[in-house]
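Data block below; observations after.
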Amino acid sequence: MSFQGTIEANCPNCTDGFDAPIWSFVHGGKDVILRDQAKAMECNLLLCPSCGAAFLPEAAWIYYEPDDEILAFVFPLAFKAEEAKWREKMSADFAAMRGALGDHLPVGHEPEVFFGPEGLAQLLELEDWRRDERDVMAFFAKDLKLGVYKASPSWARENAAPSWLPFEGKKPTRESVVAGIRKLLAANDRLTAWADYLAKLEKLEKDPSAGLPPAALAA
């Protein structure tokens, strides 16, 4: 569920003040319209009732999308000058959120921090592209009778790897994933994300500590 509150906004064009509703917490996994607004950098975009100017108020908000393990604090661009201060506040607020929500907040990593809307918009755009690529992979995996291991999306982003990994047999292991990716690429060599990840796995072939990436928290 997303949450909305009211702030006193001041138009940067005519300087008039007015009360305006803004979203303080956006659940992008449950509200497609708000997710699209965040991707278009229009979430919390206000129109001044006096002069009609459009602007983003100086108010921070939180974006949450558990299926892709996204939790982001979005601060106004003007706050960038005091980045250390606001990152410290984010850490304190996140600790409080985890204490209050516990298992209802299944994010096992530090939140993303953005100053201005552009960073989150780029992240969501990239996730949509990765989701489309996953769907193509899943179609081929089903046709090839391969299983699909769903790795942590946050791990996948940090390691520039696909989060869905095909595997042969009944159980995902590092060896069965390697075999699955090879079979997948034999059927469709245009799936470059899996080809790149296979190359990384093959470099670690003799590393006994190398195993599967962490599973998705929402799996």
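Per the listing 167, 139, the residue uniquely out of contact with any Pro (no Cβ under 9 Å at 6 or more places or on another chain), crowded, with 17+ Cβ neighbours inside 10 Å and either assigned by TED's automatic domain parsing to the domain that holds residue 69 or aromatic (Phe, Trp, Tyr) (or both) is 167. Within region 132-150, being within 23 Å of residue 69 (Cα to Cα), touching a residue at least 24 places away in the same chain (Cβ under 8 Å) and either in a helix (DSSP H, G or I) or under 14 Å from the mean Cα position of the chain (by Cα) (or both) holds for 133, 134, 136, 137, 138. Condition check for residue 213 on (1) free of Cβ contacts under 8 Å to residues at least 60 places away in the same chain; (2) in a loop (DSSP other than H, G, I, E, B); (3) closer than 24 Å to residue 66 by Cα: one failure, at (1). Across region 175-201, the number of residues qualifying as farther than 23 Å from residue 69 by Cα, surrounded by 12 or more Cβ atoms within 10 Å (Cβ to Cβ) and charged (D, E, K, R) comes to 4. Within region 74-97, count every residue that is surrounded by 12 or more Cβ atoms within 10 Å (Cβ to Cβ) and in a helix (DSSP H, G or I). Number of matching residues: 13. The residues of region 151-209 that are assigned to a strand (DSSP E or B) and either under 15 Å from residue 127 (Cα atoms) or at pLDDT below 95 (or both), listed by number, are 151, 164.
In the set 144, 46, which member is of a type outside the set (Gly, Ala, Ser), over 16 Å from residue 25 (Cβ atoms) and surrounded by fewer than 17 Cβ atoms within 10 Å (Cβ to Cβ)? Show your work before the answer.
Working: 46 fails: surrounded by fewer than 17 Cβ atoms within 10 Å (Cβ to Cβ).
It is 144.
Tell me which residues, restricted to region 105-115, are at pLDDT 95 or above and over 12 Å from residue 63 (Cα atoms).
From region 105-115, those at pLDDT 95 or above are 114-115; that's our starting set.
Within region 105-115, just 115 meets the criteria.
The values are calculated or read from the model by the stated rules, or taken from the named source; none is laboratory data. What you see is a predicted model; the values in this text were computed from it and never measured. Positions of Cβ are generated from backbone atoms using ideal geometry, with glycine treated the same way; all protein chains shown enter the neighbour counts.
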